[in-house]
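Trainee: Once you've had a glance at the structure underneath, I'll fire off some questions.
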Number of protein chains: 2
Amino acid sequence: MPRYPVHATKIKLAQHIAAPGNTKLSTVEHVCVKFASLIGATSIAKFESLTMKQVVISGTGLYTPPFSISNEELVTCFNAYAEKFNTDNADAIAAGEVTALDLSSVAFIEKASGIKSRYVMEKEGILDPARMVSRIPERGDDELSLQAEMAVAAAHDALARAGRTPADIDMVLVACSNMQRAYPAMAVEVQDALGIDGYGFDMNVACSSATFGIQQAVAAVQSGQARAVLVLNPEITSGHLNWRDRDSHFIFGDACTAIVVEAKDTAVSQHQFEIIGTELKTRFSNAIRNNFGFLNRFDESGVGKADKLFRQQGRKVFKEVCPMAAEMIKATLAKAGVEVAQVSRYWLHQANLNMNLLIARLILGRDAEANEAPVILDTYANTSSAGSIIAFHKYQDDMAAGATGVICSFGAGYSIGCVIVRKV
Amino acid sequence: MPRYPVHATKIKLAQHIAAPGNTKLSTVEHVCVKFASLIGATSIAKFESLTMKQVVISGTGLYTPPFSISNEELVTCFNAYAEKFNTDNADAIAAGEVTALDLSSVAFIEKASGIKSRYVMEKEGILDPARMVSRIPERGDDELSLQAEMAVAAAHDALARAGRTPADIDMVLVACSNMQRAYPAMAVEVQDALGIDGYGFDMNVACSSATFGIQQAVAAVQSGQARAVLVLNPEITSGHLNWRDRDSHFIFGDACTAIVVEAKDTAVSQHQFEIIGTELKTRFSNAIRNNFGFLNRFDESGVGKADKLFRQQGRKVFKEVCPMAAEMIKATLAKAGVEVAQVSRYWLHQANLNMNLLIARLILGRDAEANEAPVILDTYANTSSAGSIIAFHKYQDDMAAGATGVICSFGAGYSIGCVIVRKV
């Protein structure tokens, strides 16, 4: 079958509209022009509005925060906090009224997660046992917000890689697991800082925000609503992590990724991946939850409680999400007509090394080679929605034209997003 | 020109695939089937994946909270608060160290806004001069969230009107100006409560969340990602309003709207409006802003300050947004090939009566008749993204087939969304 000839048809159609009868048409073009005429496509704009475009990821970008915290640093701080707590509460602990805090350890963290370090926007506050949260002064309304600043940096990186400028972008999505404020939307501030016309909005479906954002971008480009879309994932996970919770104090890191999505027939990038399939799935679970929000003021008794930060039932998540993600990847490949054997790379959500090893085994029926499922969580930790995109960004340049890969996110919601891409 | 024959083509194509040569095709159908074949549409699924669907709003729903607060009640509370403040600070006020609070009045509110009352989820707390914020106890994680509860109620209303059940929906958007929590996404909880398969996510672009949500739904249906989409706008504006600010204490109300968006060729509703054009626009402004968010803990000196609630520079917003909205409506109509004279109804964002009167004048060159731009803000106040949809929901049943209307939202961001619809 010939390739869907949207671009060629457009050119012929333009000639045909300008001078009907004078344009020599091949049989294929003749049918296309006739179809265009039948559906009322008397102009290029109308034809485009009735037909769908093919879509590529034409560039990705990454902003890595300036500070890295090693497991050793983190454990030193946590244990100082825990030991002081246990000393301060020695009598109550002895009386059985208070539970002593267990100490953390580097070995425990690495075994549980595969994480060795993580980046953060500010580390002194996190590593102060008396504080254990970043210390970043508020900015005035006229200054660029912290979260927008990360997004702008990643966006510039992605635009350069895509061979695009802000003038080429029509839509900006800030898609991440927590927004610095409700309004004005972060996306609109970023759009303004980049000098982009058009529109933007914020979206959130936790760890799957990037893949869900890609699909919104795909639909916008397919349907002609936008020529190109910037999807931005500024994750300041350090802001919703409970650094005093031994079970989770090590899991998160900050980062921002950026993705340019645009029409294939006009893309100019040297780094194009055609999007050949996307599937999204959500299934409600409270196993990962954070109750912080604007309604907390309705009941001040709950303000500052531990449920106003990230909490998870780690083992439950592991057990439930791994098979869901593996099944989703297999189903998405099947729907796109791609065999597992044809996939050369899986850019998986970067939460936990053991999850990724298991998911790869469930798909492949064997352990993945290192280059089949690249790992970045060792140095970045779990950067929520940015994780799979960091892996995609860092591990794609060796892929040959025609090579196929799968971006897959999974996490709170539960939410799972699969994007199948093929190197152009 | 004949109508774009997607549905007819699908049927013929199915017959043609089943028994090539046996199917009698009209000339139109012949070209369509040939085009389908040329683009590689050897199956219905493939044909659908390459062509765009027409889209309708097939039903809307409304949840109105149980409590209404009149201007009189609100002013009584505000003035009791202000008088106590002035008495308590009499010496400092006399010394010029503290500014006395002005009293509010029913006449001031009605003249400034056109608002006479507003609905809220809880009123005792708001009307207690010593509290002035709703008092609603936190719910356990296993109970349906307050915001989800509103969305579920509105969703049932919209589904019934659309002649649909949860089994018909593939995508759920919670699109509103503030989310009760970051994760799991509100949309996923609502999806679960309704028993919907598929996926959902949260999106926010303040007052334009509903119209932007409609466009995301349109793109999802056009491109075949979803058969039908539920767009939900659970606005608990009482949660981010500063009830102690005389300039804005009267402006907001709570409500939730729901919109079913689906493919025209399979819709069964008696209340269909075809979507014939959508345009979105954002332009950054700090004139409406709220700095509450998860990063506030990075700088505890700012926690609880007035900038952590809704603030606006009302006159600036009025002056800047009215012409933007009017221009946007005119441009969207022009792009869709619709004359202003053909539009029989404008369902405008419901923030302020004077804004709507001015916008209508800027479009029409004269004052709007009452039924041309229906008003619901007198009893609902500004319900953020829900406002224009409440107007659309309440003022559509008298419209004849072929009648054209415009839904237009405008607000924080700035964000403006236009949706042109035509009664089927």
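Laboratory data are not the source of any read-out in this text; all were calculated from the coordinates shown. In this text, all values refer to a predicted model and were calculated from it rather than measured experimentally. Every residue, glycine among them, receives a Cβ derived from its backbone with ideal geometry; neighbour counts consider all protein chains shown.
Trainee: Could you pull out every one of the aspartates and glutamates with an alpha carbon less than 18 Å from that of A:Lys281, ignoring same-chain neighbours closer than 8 positions?
Mentor: Here the aspartates and glutamates satisfying the reach criterion relative to A:Lys281 are A:Glu320, A:Glu327, B:Asp168, B:Asp170, B:Glu189, B:Asp192, B:Asp197, B:Asp202.
Trainee: Excluding residues fewer than 8 places away in the same chain, name every one of the aspartates and glutamates whose C-alpha is closer than 13 Å to that of B:Lys423.
Mentor: Cα-Cα hits under 13 Å: B:Glu274, B:Asp397, B:Asp398.
Trainee: Here's a follow-up. Using only Cα atoms, tell me the angle between helix A:209-222 and the longest principal axis of chain A; keep it within 0 to 90° and round to the nearest 10.
Mentor: Computed tilt is about 10 degrees.
Trainee: Then there is this: Across region B:282-292, in residue order, what do the Karplus-derived ³J(HN,Hα) couplings come to in whole Hz, using 6.51 cos²θ - 1.76 cosθ + 1.60 with θ = phi - 60° and x for Gly and Pro?
Mentor: Result, rounded to whole Hz: 10, 9, 5, 8, 9, 5, 10, 8, 8, 8, 5.
Trainee: Residues in region A:86-121 near a label at A:Thr76, defined as backbone nitrogen under 14 Å from the 7 Å Cα→Cβ point?
Mentor: From region A:86-121, the list is A:106.
Trainee: I need the phi-derived Karplus couplings for region A:348-364: 6.51 cos²θ - 1.76 cosθ + 1.60, θ = phi - 60°, integer Hz, Gly and Pro marked x.
Mentor: Going residue by residue, I get 8, 3, 10, 10, 7, 4, 5, 4, 5, 4, 5, 4, 4, 5, 5, 7, 8 Hz, with x marking Gly and Pro.
Trainee: Treating the point 7 Å from Cα along Cα-beta-carbon as the label, what are the nm separations from B:Asp397 to the other copies, to one decimal?
Mentor: 6.5
Trainee: Quick check: Cα centre of region B:102-122 to Cα centre of region A:56-94, how many Å?
Mentor: 49 Å
Trainee: Another question about this same structure. Taking Cα atoms, how many degrees apart are the long axis of helix A:71-88 and the longest axis of chain A, rounded to 10 and kept between 0 and 90?
Mentor: So the helix axis and the longest Cα principal axis differ by about 40 degrees.
Trainee: Build a GNM of chain B with springs between Cα atoms under 10 Å: which of B:Phe294, B:Phe410, B:Phe252 gets the top mean-square fluctuation?
Mentor: For chain B, modelled as a Gaussian network with Cα springs under 10 Å, the answer is B:Phe294.
Trainee: Here's a follow-up. Which net charge results for the neighbourhood of A:Asn352, defined as the other residues with beta-carbon distances under 15 angstrom from its beta-carbon, given Lys and Arg at +1 and Asp and Glu at -1?
Mentor: Here the charged neighbours net out to +3.
Trainee: Which value in deg cm²/dmol, rounded to the nearest 500, describes the helix-derived mean residue ellipticity at 222 nm for chain B, given -39,500 (n - 2.57) per DSSP H run of n ≥ 4 and division by the residue count? If you can, show how the numbers build up before the last one.
Mentor: Working: 13 runs with 149 residues, N = 424.
That calculation yields -11000 deg cm²/dmol at 222 nm.
Trainee: Additional query: Starting from the amide H of B:Met171, placed 1.01 Å from N in the peptide plane, find each other amide H under 5 Å away whose residue is 5 or more places distant or on another chain.
Mentor: Amide H to amide H, under 5 Å and 5 or more residues apart or across chains, B:Met171 pairs with B:Tyr199, B:Ala228, B:Leu230.
Trainee: Just counting partner chain Cβ atoms within 10 Å, what average do the residues of peptide A:221-227 show around their Cβ?
Mentor: 5
Trainee: When chain A is modelled as a GNM with alpha-carbon springs shorter than 10 Å, which of A:Ala370, A:Ala331, A:Ala158 fluctuates the most?
Mentor: Top of the fluctuation ranking is A:Ala370.
Trainee: Ok, one more. How big is the dipole moment of chain A about its Cα centre under a simple scheme where the beta carbon of each Lys and Arg is +1, that of each Asp and Glu is -1, and everything else is neutral? Debye, nearest 20, please.
Mentor: 1760 debye
Trainee: Right, here's the next one. Using a 10 Å cut-off on Cβ atoms, rank the peptides A:197-206, B:235-244 from the highest mean neighbour count down. Before the final figure, lay out the partial values.
Mentor: On the way: A:197-206: 27.2, B:235-244: 24.2.
Descending packing order for the listed peptides: A:197-206, B:235-244.
Trainee: Using only Cα atoms, locate the centre of region A:358-396 and the centre of region B:355-424, then give the distance between them in Å, rounded to an integer.
Mentor: Region A:358-396 and region B:355-424 have Cα centres spaced 48 Å from each other.
Trainee: Taking θ as phi - 60°, what are the ³J(HN,Hα) couplings along region A:153-158 by the Karplus curve (6.51, -1.76, 1.60), each to the nearest whole Hz, with x for Gly and Pro?
Mentor: These are the phi-based 3J(HN,Hα) values: 4, 5, 4, 4, 4, 5 Hz.
Trainee: Using modelled amide H (1.01 Å from N, peptide plane; none on Pro or chain starts), what sits under 5 Å from the amide H of B:Ile276, excluding residues fewer than 5 places away?
Mentor: It is B:Ile420, B:Val421, B:Arg422, by chain and number.
Trainee: On the Cα set of chain A, report Rg and Dmax in Å, please.
Mentor: 24.2, 97
Trainee: Taking a label point 7 Å out from Cα toward Cβ, give me the nm distances from B:Arg139 to the same spot in the other copies, shortest first, one decimal.
Mentor: Copy-to-copy label distances at B:Arg139, shortest first: 3.6 nm.
Trainee: Right, here's the next one. Out of B:Val218, B:Met186, B:Val172, whose Cα points farthest toward the positive end of the dipole of chain B (charges: +1 Lys, Arg; -1 Asp, Glu; placed on Cβ)?
Mentor: It is B:Val218.
Trainee: Right, something else. Could you identify which residue out of A:Met328, A:Met52, A:Met171 has the top mean-square fluctuation in a GNM of chain A using Cα springs shorter than 10 Å?
Mentor: A:Met52
Trainee: Now a separate question. Search the structure for amide H atoms under 5 Å from the amide H of A:Glu235, placed 1.01 Å from N in the peptide plane, and list their residues when 5 or more places away or on another chain.
Mentor: Residues meeting the criterion, in which the H sits 1.01 Å from N, are A:Ala255, A:Cys256, A:Thr257.
Trainee: Something else: Using 1/(1 + (r/R0)^6) with R0 = 60 angstrom and r between the beta carbons of A:Asp398 and B:Thr99, what's the FRET efficiency to the nearest 0.05?
Mentor: Computed FRET efficiency for A:Asp398 and B:Thr99 comes out at 0.35.
Trainee: A further question follows. Every other copy gets compared here: list the nm distances from the B:Glu110 label point (7 Å along Cα to Cβ) to its counterparts, shortest first, one decimal.
Mentor: Here B:Glu110 shows inter-copy label distances of 7.5 nm.
Trainee: Then there is this: How large is the charge dipole for region B:273-423, taken about the Cα centre, if only the Cβ atoms of Lys, Arg (+1) and Asp, Glu (-1) carry charge, to the nearest 20 debye?
Mentor: That gives region B:273-423 a dipole magnitude of about 460 debye.
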